[in-house]
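Colleague: Please find one structure pasted underneath; my questions will follow.
None of the figures in this text is laboratory data; all of them are computed from the coordinates on show. As the structure is a prediction and not an experimental result, all values here were calculated from the model. So basically every Cβ, Gly included, is an ideal-geometry build from the backbone, and we count neighbours across all protein chains shown.
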Amino acid sequence: MAILSIITAPDRRLKVKSKPVETVDDDIRRFLDDMLETMYQAPGIGLSAVQVGVAKNLITVDVSRDDEDNAPLFLINPEIVEYSEQIETYNEGCLSLPEYFADLPRPEAITLNYLDYDGAQQQLQAEGLLSRCIQHEMDHLKGKLFVDYLSAVKRGMILRKLDKARRQKVSA
Ligand code: NI
């Protein structure tokens, strides 16, 4: 397994729309293993392939608490088929926007169709943090970041700060 490098905003590659995976083979599984290791190491609770530069509909998630066993979830070609009417607000963050968080309303629960690690069709009902995390990662597959929900002024401020921080890192 390998640790992949996570792309941070602002970066055009994060705006790319991901494509469906046609065949779930060993190459895809190896890549998912690398994504999971990268996510754990970050550390994060969710990662989409586009965040490591591969525009395919692949997501890894693990919302287990520190005192629980790991509960990794591999989502291939995920599709949300139902949203709850109930909306909840949560302070959201993103590995591609380090150190920035914002309160964001989203549907509290979802029903999701996807292919699992073995390529088998699955359906999942998710609520709370799991639902939140999957919706966030699925936005990445559409080329969307959570700051895209914020006002243009606030988004511009965050992205300029990140850009400046990165340029300082490069020159240091
Ligand atoms: Ni994210």
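Colleague: Restricting to the range 30-61, count the residues that are in a loop (DSSP other than H, G, I, E, B) and in contact with a helix residue (DSSP H, G or I) (Cβ under 8 Å, 6 or more places away or on another chain).
Modeller: 5
Colleague: How many residues are assigned to a helix (DSSP H, G or I), surrounded by 12 or more Cβ atoms within 10 Å (Cβ to Cβ) and out of contact with any helix residue (DSSP H, G or I) (no Cβ under 8 Å at 6 or more places or on another chain) when one looks only at the range 14-29?
Modeller: Total satisfying the criteria: 3.
Colleague: Something else: If Gln86 meets every condition in (1) surrounded by 15 or more Cβ atoms within 10 Å (Cβ to Cβ); (2) farther than 25 Å from Ile28 by Cβ; (3) more than 14 Å from the ligand (Cβ to nearest atom); (4) not aromatic (Phe, Trp, Tyr) apart from one, which number is that one?
Modeller: Status for Gln86: all satisfied but (1).
Colleague: Checking Tyr114 against (1) within 13 Å of the ligand (Cβ to nearest atom); (2) closer than 21 Å to Lys56 by Cβ; (3) without any contact (Cβ under 8 Å) to a residue 60 or more places away in the chain, only one condition comes out false. Which one?
Modeller: Going through (1) within 13 Å of the ligand (Cβ to nearest atom); (2) closer than 21 Å to Lys56 by Cβ; (3) without any contact (Cβ under 8 Å) to a residue 60 or more places away in the chain one by one, Tyr114 breaks only (1).
Colleague: Which one of the conditions (1) within 14 Å of the chain's Cα centre (by Cα); (2) over 23 Å from Arg155 (Cα atoms); (3) not in a strand (DSSP E or B) does Asp66 fail to meet, given that it meets all the rest?
Modeller: With (1) within 14 Å of the chain's Cα centre (by Cα); (2) over 23 Å from Arg155 (Cα atoms); (3) not in a strand (DSSP E or B) applied to Asp66, the lone miss is (1).
Colleague: Could you run through the range 128-168 and say how many residues are more than 21 Å from Gly44 (Cα to Cα) and assigned to a loop (DSSP other than H, G, I, E, B)?
Modeller: Residues flagged as more than 21 Å from Gly44 (Cα to Cα) and assigned to a loop (DSSP other than H, G, I, E, B) within the range 128-168 amount to 2.
Colleague: Return the residue satisfying two criteria in turn: it lies in the range 1-13 and is small (Gly, Ala, Ser) and exposed (fewer than 15 other Cβ atoms within 10 Å of the Cβ), and of such residues it is nearest to Glu79 (Cα to Cα).
Modeller: Going through the qualifying residues, I end up with Ser5.
Colleague: Here is a further query. Being of a type in the set (A, V, I, L, M, F, W, C) and touching a Gly at 6+ places or on another chain (Cβ under 7 Å) is the filter here; which residues of the range 105-143 pass it?
Modeller: Of everything in the range 105-143, just one residue is of a type in the set (A, V, I, L, M, F, W, C) and touching a Gly at 6+ places or on another chain (Cβ under 7 Å), namely Cys133.
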